[in-house]
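The values are calculated or read from the model by the stated rules, or taken from the named source; none is laboratory data. Since the model is a prediction, treat every value here as computed from it, not as a measurement. Please note: Cβ atoms are built from the backbone with ideal geometry, for glycine as well, and neighbour counts cover all protein chains shown.
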């Protein structure tokens, strides 16, 4: 009975993710590293190598479909949190250095990543019998190279006592800018891939713009008005929670109806919710949404891990893995470090910045899952970039600790190139 097997799978997933997440913390890694590894282990890359094909026994196709739906719910809730925590006030007042570092750490990996994918296009031009648009594939991979995992970066900074320091604030502001730009590029890539010709692409992009404007100029003011009238009433927190959850699911549905992916809608809805007003009248709502997301995210990792097939790469695929990993690390590092040095940051501070923005983590897996599900990337590219996400996340914390602990004063004591506001 597949319903019973789903329950067994959920128990295994939650337990293993928690175990490996705790082990990662003991190794001074973000818990997401262990959770991603749990997803890899339960898939064909490890469990599938054991006798009896345990990965297909535990996760047959019909059960995967149910787990995928559960994972999508967790993912939508999580992406709301990412949008909600993306405080655009961090960007205001950051000038000069922020613009240079953000531009460099997006443009360099995006350009080089897209160029490399264009060279590899002939090996990945067909998925399930249909031809992939070369522009869509190149833009998608370039955007995946340019991303920085905002939540993982915030955790690493907090663990190293850098959360409210100058370099920590600057790194988070850069991550915010990079993520916004990368998500916009992904919208373009998905629109190109799923629109029929230039006319279809323009229509899909226009609908996306209209949806964004609707959220910004109708939904956001409407929520402000509604929250203001609910605040003096009894049971406000429960009512606001219901409205917020219904709104994020409706927003996720809207982007799915446009032809994008539900995560876009959830992310955008989280970004337009009146943050301070919500925290004032219903402070527990963000945590109440985050709790089920935290519980269900390991399901997403396993569903994502089931598509990672390291043993199916072959020598040519392994060569692509090494190439993409080197491109991801070096271009992101150079793209941030060079402008940091050019704007007057000391060497150790600039190197620390280059290391920090290399963290990709969960955000990268979300992007890759969107690309795989919408058939913009094939399984081999997905596997290569998923491994890249794990490696770049795992290397960020120890390298940051090495650079920061040995020269914390030098890292923090650099002259700002513009006003840097430290968020409360």
So how many residues does region 62-87 have that are modelled with pLDDT under 85, in a helix (DSSP H, G or I) and surrounded by fewer than 20 Cβ atoms within 10 Å (Cβ to Cβ)?
-> 1
When you go through (1) closer than 30 Å to residue 70 by Cβ; (2) part of a loop (DSSP other than H, G, I, E, B); (3) more than 16 Å from the chain's Cα centre (by Cα) one by one for residue 344, which number turns out not to apply?
-> (1)
Specify which of the listed residues (180, 116) is surrounded by fewer than 24 Cβ atoms within 10 Å (Cβ to Cβ) and over 25 Å from residue 379 (Cα atoms).
-> 180
Could we say that residue 320 is part of a helix (DSSP H, G or I) and either under 16 Å from the mean Cα position of the chain (by Cα) or closer than 30 Å to residue 21 by Cα (or both) here?
-> yes
Tell me, please, whether a residue that is free of Cβ contacts under 8 Å to residues at least 24 places away in the same chain and closer than 25 Å to residue 156 by Cβ can be found in region 50-69.
-> no
Give the residue that is modelled with the lowest pLDDT, with candidates limited to residues of region 314-328 that are touching a helix residue (DSSP H, G or I) at 6+ places or on another chain (Cβ under 6 Å) and surrounded by fewer than 24 Cβ atoms within 10 Å (Cβ to Cβ).
-> 317
Quick one: would you say residue 264 is touching a residue at least 60 places away in the same chain (Cβ under 8 Å), assigned to a helix (DSSP H, G or I) and within 16 Å of residue 209 (Cα to Cα)?
-> yes
Taking helices (runs of 4 or more DSSP H) that fall entirely within region 128-223, which contain at least 1 residues that are farther than 28 Å from residue 35 by Cβ and without any contact (Cβ under 8 Å) to a residue 40 or more places away in the chain?
-> 134-146, 197-214
Considering 363, 393, which residue is crowded, with 22+ Cβ neighbours inside 10 Å and at pLDDT 85 or above?
-> 393
Among the residues of region 24-41, write down those that are surrounded by 17 or more Cβ atoms within 10 Å (Cβ to Cβ) and over 19 Å from residue 391 (Cβ atoms).
-> none
Filtering region 115-127 down to residues that are assigned to a helix (DSSP H, G or I) and closer than 18 Å to residue 374 by Cβ yields 117, 121
